[in-house]
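Asker: Please see the structure below; I have some questions.
Derivation of every value follows stated rules applied to the coordinates shown; laboratory data play no part. On a predicted model such as this, the values are computed, not experimentally measured, just so you know. Heads up, the Cβs are rebuilt from the backbone with ideal geometry, glycines too, and the neighbour counts pull from every protein chain shown.
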Amino acid sequence: MNTAKRFALLGVLALAGTTGACNNFLTGGELSTDPNRPTSSSPQSRFEATQPSLWALLSSDLARVTSVWTQQLQGINFQYTSVNIYVHDESTTGGFEAGLYTGGGLVDLREIESEARTSGDSTLLGQAQVMEAFMIGTGADLFGDLVYSQALTNTPNPTLDGQMDVYAAVQSLLSDAITNLAATGPTNFGAGPSDLVYGGDAGQWTLLAHTLKARFFLHTAEVNPSAYGDALTEAQQGITDPGDDYKAIWSGNLNEQNFWFQFFVNQRAGYIVPNAFFVDLLTGDPRLHEYFNSDASDLSDTRLDPTFSQPLVTAQEDLLIWAEAAYRTGATGPALTELNAARAAAASVCTAETGSACVIPPSAASGTALLRAILTEKYIAEFQNIEAWNDYKRTCFPNVTPTVVGLIIPARFYYDTSERQTDTNIPDPAAQPTRNANDPANATDDFGVACKGQTP
C-alpha cells in the first residue's frame with residue numbers, strides 16, 4: 001500500500017471527511033455548513049481514523065516507559081530519569097486509559113460495528129472487532145480490572161470488570177471476528193483502502209486475530225496453565241510470515257511521523273539512550289545495528305526515519321509464542337523448530353532494514369537452555385514493544401537487576417486521574433494493587449533464580 005497516504009492523527013480521530021455534490025458556494029445548505037465540522041462520515045473513514053489512535057497508544061510514551069523498565073533503553077534526562085528509577089504514579093499513565101474509549105477508541109469502533117451490522121458488511125464488522133479486542137486486551141494488560149461491559153452505557157459510575165473476565169470477553173470477540181472475516185456476500189466490502197496496514201485483506205486480519213488470541217492466552221497462563229495449549233493452537237493459525245506483520249504506518253507528513261522519530265529527534269533528544277544491558281546482549285548479533293547506530297549511542301537511522309513502520313504484532317512474536325507454548329506443553333522438538341523459524345524471520349527483517357545480509361544461525365539448544373533461548377529471542381524481537389514488559393511480568397526474564405537495588409520494577413499502570421475523578425468505582429492509587437490478577441508476584445524466575453525486580 002501507499003505509505004504516504006494521508007490520514008488524520010490527532011484531534012480528528014473520531015470523524016473523517018464527508019462527500020457531497022458540488023453546489024454554488026453562495027447558495028444552498030452548504031452556506032451554513034462548516035466544512036471543518038463534519039456531521040457525518042462513512043464507517044470506512046472512521047475506521048481509517050481509529051488506526052492511528054491504536055498506534056499512538058502502542059508507539060508513544062507507553063512503549064518508551066516499558067522499554068526503560070525492561071532495560072532495553074535507559075532514561076538519562078528530565079522526566080525519564082524518574083522513569084529509570086521506577087517513580088510511578090497516575091501521571092505516568094499519560095491518558096492511556098482514556099484513549100481506549102475516546103478519540104478513535106471504543107466509541108468509534110462500536111459505531112462502525114453497528115453500521116456494519118446494519119449494512120450486512122461482515123468483513124468490516126470483523127475488522128472493527130479485531131481493533132476493539134486489540135485495544136481492550138491491551139487495556140487489561142496495563143490496568144488489570146477494566147470498565148468494559150458497562151462502557152458506553154448510561155451508567156453514571158460504571159463498574160470495573162475483573163481482568164480475567166475482560167480477557168475472556170476479548171477472546172470471544174476475536175472468535176466472532178474470525179467468523180465474520182470468513183463470511184462472503186455482496187455487501188462485504190470491508191474497510192478497503194481505508195485499511196492503512198492490510199489494504200482490506202480479510203485473510204491478513206484473520207491471521208492478526210489468531211496471533212492476538214495467542215498473545216492474550218499467553219498472558220493468562222501464569223494462573224491458568226491450560227492456556228499454553230490454547231496459545232499454541234492459535235499461534236499455529238496466526239502470522240508466520242513477516243509480510244503479514246501488523247505495523248504502524250507513518251507517511252512522514254507533519255503529525256503523521258513515526259512517534260519514535262518525533263520524540264528522539266523533534267521533541268526530546270537526549271532523554272533516552274540504549275541501555276548497556278541490551279547492547280551487551282546484542283554483541284555479535286546483527287540486530288545491534290538494526291536497532292542502534294554504529295556506536296550504539298542512539299537508535300539507528302532506519303528506526304529514526306519519520307516513515308519507519310513500527311512493528312506491533314509480528315511473525316517473530318507468533319512463532320515465539322508457538323515455540324514457548326510447545327515447550328511448556330512438552331513438545332520440545334516443535335519448540336526448537338519454531339524458535340529457529342523465528343530466528344530466520346528475524347534475519348529476513350534485519351536484512352531488509354539494514355540493507356546487508358544478517359546472519360542469525362539456528363539454535364541447537366535443549367532442556368532448560370531451550371526455554372532460555374526462546375525467551376531471549378523474544379526479548380530481542382520485542383524491542384520498542386510493550387510485549388517485552390508483559391513477558392517480563394510473566395517470567396521475570398531477563399532477570400535484570402533494578403536500577404536501584406531493592407526497588408520493584410512496576411507491574412501495572414495506575415488508572416488515569418481523570419477516569420478516577422469521574423467514576424467512583426475506580427479506587428485511589430493507594431488502594432490499587434501493585435500487580436494484576438494474571439500476574440501474581442514471582443519469587444523466582446523460570447529457572448529458579450531469585451527475581452531481583454519483583455516482590456519476593
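Asker: In sequence order, what are the phi-derived ³J(HN,Hα) couplings for the range 254-269 according to the Karplus relation 6.51 cos²θ - 1.76 cosθ + 1.60 with θ = phi - 60°, rounded to whole Hz, with x for glycine and proline?
Answerer: 3, 6, 10, 9, 2, 4, 5, 4, 4, 6, 6, 10, 7, 10, 9, 4
Asker: Would you work out if the range 125-248 is rounded, prolate or oblate? Take a ≥ b ≥ c from the square roots of the eigenvalues of the alpha-carbon gyration tensor; rounded if a/c is under 1.5, else prolate when a/b is larger than b/c, oblate otherwise. Intermediate values should be presented prior to the final figure.
Answerer: Values: a/c = 2.07, a/b = 1.26, b/c = 1.65.
Oblate shape, in that a/c is at least 1.5 and b/c is the bigger or equal ratio.
Asker: Grab the Cα-Cα distance for T302 and A183, subtract it from 0.36 nm times how many residues apart they are, and report the gain in nm with one decimal. Before the final figure, lay out each step's value.
Answerer: Values: separation 119, 0.36 × 119 = 42.84 nm, distance 3.90 nm.
Between T302 and A183, full extension yields 38.9 nm more.
Asker: OK, next. What distance in nm separates the simple spin-label points at S294 and A364, each placed 7 Å from Cα in the Cβ direction?
Answerer: According to this spin-label approximation, the distance is 3.6 nm.
Asker: Take the Cα pairs of the range 345-431, get the Kirkwood Rh, then feed it into Stokes-Einstein at 10 °C and 1.306 mPa s and tell me D in µm²/s.
Answerer: On the way: Rh = 16.6 Å.
Rounded to a whole number, D works out at 96 µm²/s.
Asker: For the chain, how many pairs of lysine residues have a Cα-Cα distance under 19 Å, where the two are 8 or more positions apart or belong to different chains?
Answerer: On the way: K5/K247; K213/K247; K213/K378; K213/K393; K247/K378; K378/K393; K393/K452.
Close lysine pairs under the 19 Å cut-off: 7.
Asker: Length gain on complete extension for the stretch N224 to A168, per 0.36 nm per residue less the alpha carbon to alpha carbon distance?
Answerer: Values: separation 56, 0.36 × 56 = 20.16 nm, distance 1.24 nm.
Net length gain for the segment: 18.9 nm.
Asker: If you don't mind, there's one more thing I want to ask. What residues have an amide H closer than 5 Å to that of L73, excluding those fewer than 5 places away on the same chain, when H is modeled at 1.01 Å from N in the peptide plane?
Answerer: V68, N275
Asker: Sticking with this structure for a sec: What ranking do D241, D165, D280 get, fewest neighbouring Cβ atoms within 10 angstrom at the top? Don't skip to the answer; put the middle values down first.
Answerer: Numbers: D241 13, D165 16, D280 10.
Listing D241, D165, D280 from fewest to most nearby Cβ atoms yields D280, D241, D165.
Asker: Something else about it: Under 19 Å from a point 7 Å along the Cα-to-Cβ line of S175: which residues of the range 195-232 have their amide N that close?
Answerer: Within reach of a label on S175: 206-221, 224-232.
Asker: Sequence-distant or interchain residues sharing an amide H contact under 5 Å with T444, placed H: which?
Answerer: C451
Asker: Here's a follow-up. Helix 202-218 versus the longest principal axis of the chain: what angle, 0 to 90°, nearest 10, using Cα atoms?
Answerer: The answer is roughly 50 degrees.
Asker: Would you mind working out the magnitude of the charge dipole of the chain relative to its Cα centre, with +1 at each Lys and Arg C-beta and -1 at each Asp and Glu C-beta, to the nearest 20 Debye?
Answerer: That gives a dipole near 360 debye.
Asker: I've got another one for you. Under the rule of -39500 (n - 2.57) per DSSP H run of 4 or more residues, summed and divided by the residues of the chain, what mean residue ellipticity at 222 nm is obtained, to the nearest 500 deg cm²/dmol?
Answerer: Numbers: 17 runs with 198 residues, N = 456.
The per-residue figure over the chain is -13500 deg cm²/dmol.
Asker: Between A441 and L254, how many nm apart are label points set 7 Å from Cα along the C-beta direction?
Answerer: Output for this residue pair reads 5.1 nm.
Asker: By per-residue mean of other Cβ atoms within 10 Å, what is the highest-first order of 197-207, 247-257?
Answerer: My ranking of the peptides, most packed first, is 197-207, 247-257.
Asker: Between D161 and residues 5 or more places away or on another chain, which pairs have amide H atoms under 5 Å apart, with H built 1.01 Å from N, and which residues are they?
Answerer: L146, V147, Y148, S149
Asker: Let me ask something else. Treat each spin label as a single point 7 Å out from the Cα along the C-beta direction, and report the T155 to R372 distance in nm.
Answerer: That separation, rounded to one decimal, is 4.7 nm.
Asker: Once the dipole of the chain is set up with Lys and Arg at +1 and Asp and Glu at -1 on Cβ about the Cα centre, which of A63, A221, P43 lies farthest towards its positive end?
Answerer: A63
Asker: How big is the charge dipole of the range 85-157 about its Cα centre, in debye rounded to the nearest 20, if each Lys and Arg gets +1 on its Cβ and each Asp and Glu gets -1 on its Cβ?
Answerer: Values: 2 positive and 11 negative charges, 28 e Å.
Rounded to the nearest 20 debye, it is 140 debye.
Asker: Please name which of P193, F96, G367 has its Cα lying farthest along the dipole of the chain towards the positive end, using unit charges on Cβ (Lys, Arg +1; Asp, Glu -1) and the Cα centre as origin.
Answerer: G367
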